[in-house]
Every structure is written in C-alpha cells, then in structure tokens.
Amino acid sequence: MPPRSRQPAPRPARPVTITAVIDPVAALASENLDDNLYLYDTNKAAGSSGFGTPELHSRVRKGDTLLWNVIPLECETYVALADIEIDPQIAEPTRKVYPGTDIVFWTAEVKQDLTKPVPYRLSFLLGTVSTPFTPTARPALTRPGDQGKEGR
Amino acid sequence: MAQQHGIIVLFDVENALRTRSLDGNTYWFDNMKFLGSVGEGTGQLVTIVPGTYFLDGSQATEQVLNWLPAALGAIPPTVPRNYLAEQERAHDRRTLEQLAALGGDGEVSSTEVSRLQQRVGRRPRKQAGGRGLTAAKLLDVTGKATSSAAAYNYPAPVITDITGQAVSEKIIYPAQYGSPDMVYDGWYWAATVDTSRPGVYPYTMHVQLHELVEQNDELVWQSVDLTCESSLKITSDPKRNAFTGAGLGVLPLPAAPPAG
C-alpha cells in the first residue's frame, strides 16, 4: 500500500459534493423524475444515507461547504440543476458554472449546526422543456448522529 | 436490439481509496431500466440484454455495450474533454499577466511574489510505469488551480480490463477503442454480445484509481488497481408491439370494414 500523504484535518479541503444522477430520457418519457433520479454524496464515511434514492440524507456540520452537481445518463440530453430551495437560515445556495463552461453547479456554506433534519427541494431543467422538474421526494441535510435510512 | 447500451459506473473514489475496495463504493447505471434492468444506481446492477432472432431462432443483430466510468465528487464528465488543460493554460496566462504587472516599477515586494507563487499551483509527477493519466496542474473540484494535495479533483477512473464468466464463456467480446467522442477522453470500452445463449452472466471490471501522495517534497500520482462486478441478463423473450402491447402473430388490425 502506498504511503498516505493526507493528515487528519479538522475540516476537509474538498466540499461535500452532492451529485444528482439523472436518466433524462426516461424522466422525459414518463414525466416522472422521482423514479429516474439517484442522489449521492461524498460524505458516506460521516454517515450519510439514502444513497441512490431521491431522499438522500447528507450528514453536514456548520462551516461545511456543499456543492451540488449533475451527471446525466445520456450525455446528449440537456440536464441542469435549476434551483435549490432550502431554509436560508441553514444555507443560501448560489448558482455557479465551471470556469469557461456553461455547466452549472451550486455551492453553499452550512451556516449552523442542525438540530433536526432539514429537507430541501431540488429542481432540474431537462431537455427543451421550459418548466423545471421537481421530484416529490425530498433530500435532506442532517446532523451527525441523526437516524436516516440505511445507506446502500 | 440495435440501440447501444450505455453502462455508467460511478465510483466513490475518496471512500474507495480510504478502504482500498470498491465494495459499496461503486454505483452502476444503464439506460435499459424500461426493458427490465434491475439494481439501477446500486452495486448490484443486472443489465438486461434482449436478444433479437430470426424466425429460425438464429441471432439477428449483435447488441453493443459501452462502459463509461465517472468519479463522484469530481468535475462532472459533461465538461469538455480538454477542460483541465484549458483551465491550466488560462490560469498560467493570468498569473503571468500579474507577474508582468508587478515588475513595472522596480521594487517588488516579496509578499506579492509569494502570493503569485501560491497561485501558480502544483504539477504532480506521474508514477513511473503509471498509465492513463496525463501530467497536468492540480485543479480543485470547481476547476480552479490548487496547491493543496487534499483538495484536488479526482482524475476520472480508468477501466483497464473486463474479465469474468461473461468473457470466458464468450458471451461478450470486450475491447478498448479510440473515439472522437469529446466526453470520455477519447477512449472507451465496448463489447458485442452473443445473445444466442440466454442466461445471467457476471463479469468483473478492472479499474485504476489515482491517489496523490507526497514523496521527497514532490507530489506523485500513485495508481491503485481495484475490481468490481456486475452482470448481464440475456433474454430471448418474444418482442412485443410497443404501441399495442400485442405479442407474436398478426398485427391487431380491426375487423374488415363492413361491406358497404
């Protein structure tokens, strides 16, 4: 095993990335995003759960940087994260693009430690449909120690 | 089935490097859920491959599979293929302009120079004998240059081989191909499928991840080789008419119009 260079740090240098994998063709054909949306984050080691479902529970702490992005299963169909609705006292996500591209991601800083799970709502633009798709199921931010669904 | 199957494999690279295993750190997808693939978005995907046959039962067309790896928590594969190189160049250009601006009036403060040195970022060395990675400046997950070995954007995982029962029993014939495709770095793994023998056939994917380590004050990419598994389910079910739901036999035409 090669030597490790990373020292344990109080705050990870990378953001907690929350990735939405979307099958845009199936979502457009069925007009149902819930069955064609798979959410993941990079905080599994901290206890995030609900991987691969639209009800991902991400474990976060005050001061964490969050980053939301999208991976479409069909690279020729347009998919973008259009909006994130969350209690502004917890986080205020801002829309950004990867420098030099029009590929969207959103970032936010967790403003306070959570006392209970905070559900939020994601909206996506798919294909050429101008009305955003919003899944019924809602992901949530949770504090370390909150009981979530078992991670897959 | 003439449509190509796309099989996307999403790797939780951070966890996989930490545990040195892809178990529980690999999420598989394909675009055939509507035909009966199961386990989408989990580590237990079974990809459906409906065969097509002539009336005498012989195989009519060859199903094609394509595998596309991606890293969770990295810059997504939707950015252009040359994105990392473009960003590196743009970043160097900005730093050079600022350096030129500094030298204008004789005195240059060491603080400003060291600030620029910080901005230059770092370029890790490729491991001797390592494959699949092009030497490039470290970028973080938002596409900005970074000098931190803890913040770097994970390079895309590299598929190095596909083996297992599906290959040894000659159900699939996988190989790596060069491609003008701008999304997946010009290389991809694909296979054709022998659909004449229905059944479930597991296969093993060999994947190389890359970890950045500090050796003698130098950053070096270390390759970490791991494997994960998935399955194909080949069926010979009769085709159904997607419009009417009817099976084999004559088309469900209405009865002959009444004689007028």
### Task
Identify, from the list B:Pro69, B:Pro50, the residue that is assigned by TED's automatic domain parsing to the domain that holds B:Val200, under 20 Å from B:Ala190 (Cα atoms), at pLDDT 90 or above and not aliphatic (A, V, I, L, M).
B:Pro69
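Here's the yes/no breakdown for (1) over 25 Å from A:Leu28 (Cα atoms); (2) surrounded by fewer than 15 Cβ atoms within 10 Å (Cβ to Cβ):
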| site | (1), (2) |
| --- | --- |
| A:Thr53 | no, no |
| A:Leu56 | no, no |
| A:Leu67 | yes, no |
| A:Glu74 | no, no |
| A:Asp87 | yes, yes |
| A:Ile90 | yes, no |
| A:Leu125 | no, no |
## Note on the structure
The number of residues in region A:92-118 that are open to solvent by 70 Å² or more (accessible area, probe 1.4 Å) and away from chain B (no Cβ under 14 Å) is 6
### Task
Quickly run through region B:60-80 and pick out the residues that are touching a Phe, Trp or Tyr at 6+ places or on another chain (Cβ under 6 Å) and away from every other protein chain (no Cβ under 14 Å).
B:Ala60
### Task
Hey, can you tell me all the residues within region B:1-14 that are crowded, with 22+ Cβ neighbours inside 10 Å, at the interface with another protein chain (Cβ under 8 Å from one of its Cβ atoms) and not in a loop (DSSP other than H, G, I, E, B)?
B:Ile8, B:Leu10, B:Glu14
### Single match in B:Leu65, B:Leu45, B:Leu72, B:Leu17 (criterion: open to solvent by less than 10 Å² (accessible area, probe 1.4 Å) and touching a helix residue (DSSP H, G or I) at 6+ places or on another chain (Cβ under 7 Å))
B:Leu72
### Message
Please pick out the residue among B:Tyr83, B:Tyr27 that is at the interface with chain A (Cβ under 9 Å from one of its Cβ atoms) and at pLDDT 85 or above.
### Response
B:Tyr27
### Task
Filter region A:18-41 down to residues that are hydroxyl-bearing (Ser, Thr, Tyr) and modelled with pLDDT of 95 or more and give me whichever is farthest from B:Ala74 (Cα to Cα).
A:Tyr38
### Query
Do you know which residues across region B:163-185 are modelled with pLDDT under 70 and either under 13 Å from the mean Cα position of the chain (by Cα) or buried (at least 18 other Cβ atoms within 10 Å of the Cβ) (or both)?
B:Asp181, B:Met182, B:Val183, B:Tyr184, B:Asp185
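The values are calculated or read from the model by the stated rules, or taken from the named source; none is laboratory data. Only a predicted model underlies this, so the values are computations on that prediction, with no experimental measurement involved. Methodologically, a virtual Cβ is constructed for each residue, glycine included, from the backbone with ideal geometry; neighbour enumeration extends over all protein chains shown. Note: areas computed on protein heavy atoms with side chains; ligands, DNA, RNA excluded. Shrake-Rupley method; radii C 1.70, N 1.55, O 1.52, S 1.80 Å.
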